[in-house]
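The values are calculated or read from the model by the stated rules, or taken from the named source; none is laboratory data. Every value quoted in this text rests on a predicted model; they were computed, and no experiment measured them. All accessible areas refer to the heavy atoms of the entire protein, side chains included, with ligands and DNA or RNA removed. Shrake-Rupley method; radii C 1.70, N 1.55, O 1.52, S 1.80 Å.
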Amino acid sequence: MSGIMSVKEASIRWNISERRVAYLCSQGRIDGARKNGRMWMIPADAEKPSDNRMKPGISPEKIRPSGLPLPVGISDYRLASTEYYYIDKTMMIRDFIDERPMVSLFTRPRRFGKTLNMDMLRTFFEKTEEDTSVYFRDKKIWACGKKYREYQGKYPVIFITFKDIKFNTWEETFDAIKDVFSKETHRHSELRTSDRCDEYDKKIFDRLLSGEVNEVELSAALLNLSRMLHRHYGIAPIIIIDEYDIPIQQGYMRGYYDKVILFMRNLFSGGLKDNKHLSFGFLTGILRVAKESIFSGLNNLTINSVLDNRYSSYFGFTSEEVKEMAEYYGASDKYGEICEWYDGYRFGKTDIFNPWSVINYFNNECEPRAFWQSTGSNDIIGEIISQANAEIYERLTSLVNGETFITYIDTGVIYPQIKNNPSTIYSFLLVAGYLKVVRSTISFNGDFMCEVALPNKEIAFVYHKEILQHLDNLIPQSTAVSIQEAVFSGNNRKLKTLIQTLLTQSVSSFDTAGENFYHGFMLGLRALLGEYFVSSNREFGDGRYDIQLKPVKKNLPGILIELKAEKNCPEEKLKKLSQTALQQIDDKRYDTEMRTEGIATIYKYGVAFSGKHVEISVG
């Protein structure tokens with residue numbers, strides 16, 4: 001059409017993003033721009049509108065998002081891609097069509113775009129009365145050619161999400177799953193009157209719709225629905241199951257694990273294993289759970305974990321996508337801060353930002369917070385702390401100190417292994433989003449050895465908060481708050497007194513709590529004192545100190561703690577033992593490291609305890 005240019009052409013001419021051009025059109029800021037279907041037609045002689053956004057480099061006290069609204073909590077693809085700022089992930093469709101695995105499992109941490117991507121696949125592939133191609137004509141997949149466009153709107157789709165199945169009992173969980181299938185059955189109401197489905201099919205349909213099914217009947221729901229859809233449409237459906245492992249995690253935490261595993265095994269076996277009424281299947285979750293035998297015998301399953309390269313850029317935001325987003329909202333100068341707080345994940349060979357937190361960062365006027373921490377239960381950390389041994393406490397402490405370590409990673413880890421094999425916690429932490437892989441090596445038997453670390457500031461904050469919450473019995477909340485206030489305000493005298501109070505309140509529990517108390521106390525100190533590096537049993541001076549708290553900032557005092565214990569010790573002897581512990585700090589020159597690094601003030605505590613009795617000498 002002469003005298004008309006497309007959004008893409010305007011984007012190139014005016015040196016702004018296509019998304020920005022579309023937004024300006026929708027706001028009536030481009031004279032003569034009009035819509036033709038889903039496409040904007042712009043007069044070729046139209047002038048670039050004045051940009052009223054804040055320019056990169058300007059850092060006002062508050063930055064308010066301009067342009068398209070941010071998709072906070074939006075997992076509906078049609079809505080997200082048309083009414084909100086949407087980062088185009090449609091090339092995932094191209095990659096799938098090129099490979100066409102029968103059943104694909106994508107494992108990613110929560111809030112990394114799994115549900116939105118599954119809804120994108122549903123919208124693209126599903127055969128409906130609506131022309132859903134309009135939601136893809138301006139996306140990357142449409143430009144890939146006829147081969148890919150022919151798949152659009154071709155299949156019936158069964159879409160099941162378990163993301164809200166979070167209940168305390170199996171009975172409640174089963175009722176909720178019945179409701180999920182009832183709603184999905186209702187979505188396919190055309191089957192009720194289909195002349196291609198027999199009376200047996202229609203009775204099954206009515207029972208699923210009403211929710212009047214037992215466990216055996218519901219476990220066959222995927223198989224039965226797929227058979228009916230295949231008969232009605234003449235083409236086998238696609239089955240999409242989002243967040244399949246949420247009920248499994250709840251079952252583990254709430255004590256009905258075996259029941260939910262048995263049900264899921266039968267459900268997936270019927271729908272995904274040797275089902276001639278299946279075109280393709282997609283599943284998402286946090287864990288692979290393959291060793292549960294949920295997918296027993298499913299030899300057509302392709303697993304895409306956080307360590308695999310396939311599809312690595314489609315869940316979460318890449319650095320280029322975040323840079324474009326920052327430019328769009330006039331906050332290019334904030335990119336470094338975004339990296340510090342929300343970057344650091346690595347899926348396959350792709351560096352990834354946490355999408356939930358990046359979106360909320362812009363929505364929060366570019367003020368960084370730990371947004372991801374509030375998105376769901378972090379019970380897994382509590383479970384880990386309760387099962388951890390001395391080595392695990394030491395490693396967790398090193399993580400919050402900013403260090404790395406090498407560990408075996410099993411992406412097929414299952415929940416009961418936490419208790420049976422505590423070393424699997426690093427695999428859990430990785431797949432759940434609490435760790436990142438710095439580098440990895442595949443061993444001769446196909447397992448992964450990975451160097452791991454905390455991804456970013458946000459996750460460090462989550463560690464601090466969650467660890468403290470689970471150590472309330474060791475460190476009273478009132479004492480914790482007072483210590484943090486003293487550190488923040490620089491009140492060293494008050495800090496000295498509070499540390500003594502903390503030791504008095506806590507260390508007397510050592511005798512009954514066992515060795516794990518000591519390491520839990522260490523980890524709690526590190527979480528409590530965010531401005532300190534905490535270490536233990538390291539060789540400095542002429543010996544090994546018990547606990548050292550080295551401040552990040554030189555204006556804060558250093559802290560050294562030496563512990564002594566003796567059974568059935570009378571009060572006077574206990575006091576002398578604490579003085580001996582204090583003297584040992586000086587005799588062994590445990591303060592050598594901090595003195596060398598220019599820390600002028602160092603508080604020293606000699607702590608002696610016997611059963612529930614404690615004496616503390618302060619230097």
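Tell me, what HN-Hα J-couplings in whole Hz come from the Karplus equation 6.51 cos²θ - 1.76 cosθ + 1.60 at θ = phi - 60° for each residue of the range 146-157, using x for Gly and Pro?
3J(HN,Hα) across the range 146-157, in whole Hz: 4, 3, 7, 5, 5, 7, 5, x, 9, 10, x, 10.
Tabulate in residue order the Karplus-calculated ³J(HN,Hα) for the range 118-126, using 6.51 cos²θ - 1.76 cosθ + 1.60 with θ = phi - 60°, rounded to whole Hz; enter x for Gly and Pro.
These are the phi-based 3J(HN,Hα) values: 5, 5, 4, 4, 4, 5, 6, 7, 6 Hz.
For a quick check: with amide H placed at 1.01 Å from N, whose amide H comes under 5 Å from residue 405's, ignoring anything fewer than 5 positions away on the same chain?
Under 5 Å from the amide H of residue 405 lie the amide H atoms of 452, each far enough along the sequence or on another chain.
Counting pairs of alpha carbon atoms under 8 Å apart in space and at least six apart in sequence, what relative contact order in percent does the range 57-203 give? Could you put the intermediate results ahead of the total?
On the way: 104 pairs, mean separation 27.3, N = 147.
So the answer I get is 19 percent.
Among all the lysines, which ones have a C-alpha under 19 Å from residue 564's C-alpha, if same-chain residues fewer than 8 places away are not counted?
Within the straight-line limit of under 19 Å, residue 564 reaches these lysines: 573, 575, 576, 588, 604, 612.
Determine ³J(HN,Hα), in whole Hz, for all residues of the range 585-602 in sequence, where each value follows from phi through the Karplus function 6.51 cos²θ - 1.76 cosθ + 1.60 and θ = phi - 60°; x replaces Gly and Pro.
Working through the residues one at a time gives 4, 6, 4, 8, 6, 5, 7, 4, 4, 5, 4, 4, 8, x, 8, 7, 9, 10 Hz.
Considering only protein heavy atoms, what is the solvent-accessible area of residue 91 at a probe of 1.4 Å, reported in Å² to the nearest 10?
Only protein atoms counted, so the area is about 40 Å².
Just read off the accessible area of residue 571 with the full protein assembly in place, 1.4 Å probe, to the nearest 10 Å².
The accessible area comes out at roughly 140 Å².
For residue 349, which aspartates and glutamates qualify as cross-link partners when the Cα separation must be under 19 Å and same-chain residues fewer than eight apart are set aside?
Leaving aside aspartates and glutamates fewer than 8 places away in the same chain, those within reach of residue 349 are 95, 308, 320, 321, 410, 447, 451.
What Rg and what Dmax come out for the range 159-248 when only alpha-carbon atoms are used, in angstroms?
In order Rg, Dmax, the Cα atoms of the range 159-248 give 13.3, 42 Å.
Enumerate the amide H contacts of residue 602 below 5 Å, restricted to partners 5 or more residues apart or on another chain; note that Pro and chain-start residues carry no placed amide H.
For residue 602, whose amide H was placed from the backbone, the distant partners under 5 Å are 558.
Just tell me which aspartates and glutamates come within less than 15 Å, Cα to Cα, of residue 166; anything on the same chain fewer than 8 places away is out.
175, 179, 242, 243, 245, 379
Do me a favour and compute the ellipsoid semi-axes for the range 140-291 from its Cα gyration tensor, root of five times each eigenvalue, largest one first, whole Å. Could the numbers behind the result be given before it?
Working: eigenvalues 147, 89, 31 Å².
Gyration-tensor ellipsoid for the range 140-291: 27, 21, 13 Å.
What order do 241, 246, 303 take when sorted by accessible area (1.4 Å probe), most exposed first?
Sorted by accessible area, descending: 303, 246, 241.
In µm²/s, what is D for the range 230-281 at 20 °C and 1.002 mPa s, where D = kT/(6 pi eta Rh) by Stokes-Einstein and Rh is the Kirkwood radius from Cα pairs? Don't skip to the answer; put the middle values down first.
Numbers: Rh = 12.4 Å.
Stokes-Einstein gives a translational diffusion coefficient of 172 µm²/s.
Taking amide H positions as placed 1.01 Å from N in the peptide plane, with prolines and chain starts having none, which residues 5 or more places from residue 347, or on another chain, fall under 5 Å of its amide H?
Close amide H contacts, sequence-distant or interchain: 352.
Output the pairs from 178/273; 496/567; 163/334; 114/203 with a Cα-Cα distance over 23 Å in this structure; if there are none, say none.
On the way: 178/273 21 Å; 496/567 28 Å; 163/334 33 Å; 114/203 34 Å.
Violating the 23 Å Cα-Cα cut-off are 496/567; 163/334; 114/203.
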